[in-house]
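Report on the structure given below.
The values are calculated or read from the model by the stated rules, or taken from the named source; none is laboratory data. Only a predicted model underlies this, so the values are computations on that prediction, with no experimental measurement involved. We place every Cβ from the backbone using ideal geometry, glycine too, and count neighbours over all the protein chains shown. In case anyone asks, the SASA skips ligands and DNA or RNA and just uses the protein heavy atoms, side chains included. Shrake-Rupley method; radii C 1.70, N 1.55, O 1.52, S 1.80 Å.
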Amino acid sequence: EETFRAVNDALRRGGAILIFPEGKSYDEPSMAPLKTGAARMALHARDTGAAPGLAIVPIGLTFERKEALRSRVLVRVGEPIAMDEWRVTQGPGSVESLTTEIDARLRALTPNYASADDAARAAALGRVIAALVTEPPPIGSVGRPLSLDADIARRVTELTAELAAAPPALRARADDLERRLGAFKQNVFARGIRLGDVGISMQWRDGARFVVREGWVVAIAAPFAVWGWVNHWLPFNAARLIAMRSVQSASDPAMRTIVAGLALVLAAYLAQGAVVGAVFGTVPAALYLASLPVAAEANFYLSERLGRAVSRARAYLALRRNPALRNALTAQLAALRDETLALDAELRASVGS
């Protein structure tokens, strides 16, 4: 009763209520059955007049790597459920039907798989196919949009279901394509090349521009990054060690690192600031503390960018030294891309017919 009163009060003031309707955090590859709390709260607020014009807005979260810190999260917002209209179309007090509608709209925004193996297969194929159909992202960008990988992974799942009713010849083509995609990925990775770097430009001008640009980035950011690394090495690594104790789910290390890191970094800031203040005075201590968050971000940024730059340089040198390899990989990539798009089109036509 207190919760419902608090919800009504917040909505009456024009606020918003954020609810995770599954009621738990977990690592299963599909949404769990929803609790009825969201529907009951929305119906109660509407029926008591606390929130005229109330809407339920479904939001789907897709993690790129749930177990890793600083990995991307795709946030998708679906069509809202207008509660005033729900009264007319669904009938009053229909907790079950409203919960079912919320569930359907959330599933439309999130990946849902029958098993962890299916999820891993769809994600892996999605990344390979996304690399085939997109241009290599520039250094300094965050890479391909996560929405593209998620959409392709969803399409892989749909194709798997559609293949069950497809002609045997089409199923055989799909199996052969998946085998060839896997072999191509392994061949490229074995040479120390990322899939997304197979199609990079081999022009000397582009290579020189790359060296100059990345050299300037390192020259400018390196002092700040080193400062950030020196000042955060101890609390960051201590947080990681704490996070790896008694891990029960894939999300535990990242979440625990955030929680432990927050406490340890703040404690380190206070201790370091006190030492600097005692030795140099208040103003230098304040400047020192102000530099730390900026230096930490520079360290993260430069480490990630340097890793991508080294990988891109390795690919450039390997492909430039071996034109035959470059031509072979480029031809394979084009053939796989064409076959993937053709198979998708034929399956769509087959299902449509």
### Query
Taking the mean number of other Cβ atoms within 10 Å as a proxy for protection, how do you rank 224-236, 18-30 from highest to lowest?
224-236, 18-30
### Query
Using alpha carbon centroids, what distance separates region 224-282 and region 286-353, in Å?
31
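Please state the equivalent ellipsoid semi-axes for region 154-194: what are the square roots of 5 times the Cα gyration tensor eigenvalues, largest first, in whole Å?
26, 12, 4
Given the DSSP H assignment, sum -39500 (n - 2.57) over each helix run of at least 4 residues in the chain and divide by its residue total; what's the result at 222 nm in deg cm²/dmol, nearest 500? Please report the intermediate quantities before stating the final value.
Working: 11 runs with 241 residues, N = 353.
Taking each H run of at least 4 residues, the total per residue is -24000 deg cm²/dmol.
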### Task
Skip the ligands, DNA and RNA, and give the accessible area per residue of region 104-220 with a 1.4 Å probe, whole Å².
54
## Note on the structure
A 1.4 Å probe over the protein heavy atoms gives region 186-331 a carbon and sulfur accessible-area percentage of 71
### Task
Report Phe280's accessible area, 1.4 Å probe, all protein chains in place, as a number in Å² to the nearest 10.
140
### Task
Average the reciprocal distances over every distinct pair of alpha-carbons in region 29-156, invert the result, and give the Kirkwood radius in Å.
16.8
### Task
Quick one: pull the percent of accessible area on region 3-75 belonging to carbon and sulfur, 1.4 Å probe, ligands and nucleic acids left out.
56
### Query
If the cut-off is 28 Å between C-alpha atoms, which lysines fall inside it for Lys24, apart from same-chain ones fewer than 8 positions away?
Lys35, Lys66
#### Entry: Label point at Arg194 placed 7 Å out along Cα→Cβ; residues across region 303-347 whose backbone nitrogen lies under 12 Å
304-316
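At 0.36 nm per residue, minus the direct Cα-Cα distance, what do Arg179 and Val212 gain on full extension? Give it in nm, one decimal, please. Please list the in-between numbers first.
Numbers: separation 33, 0.36 × 33 = 11.88 nm, distance 3.98 nm.
Length gained, Arg179 through Val212: 7.9 nm.
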### Message
Place a point 7 Å from Cα of Met202 in the direction of its Cβ. Which residues in region 318-337 have their backbone N less than 15 Å from it?
### Response
318-334
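Write down the Kirkwood hydrodynamic radius of the chain, to one decimal in angstroms, obtained as one divided by the mean of 1/r over all alpha carbon pairs. Mind dumping the intermediate values first?
Working: mean 1/r = 0.0404 Å⁻¹.
After inverting the mean inverse Cα-Cα distance, the result is 24.7 Å.
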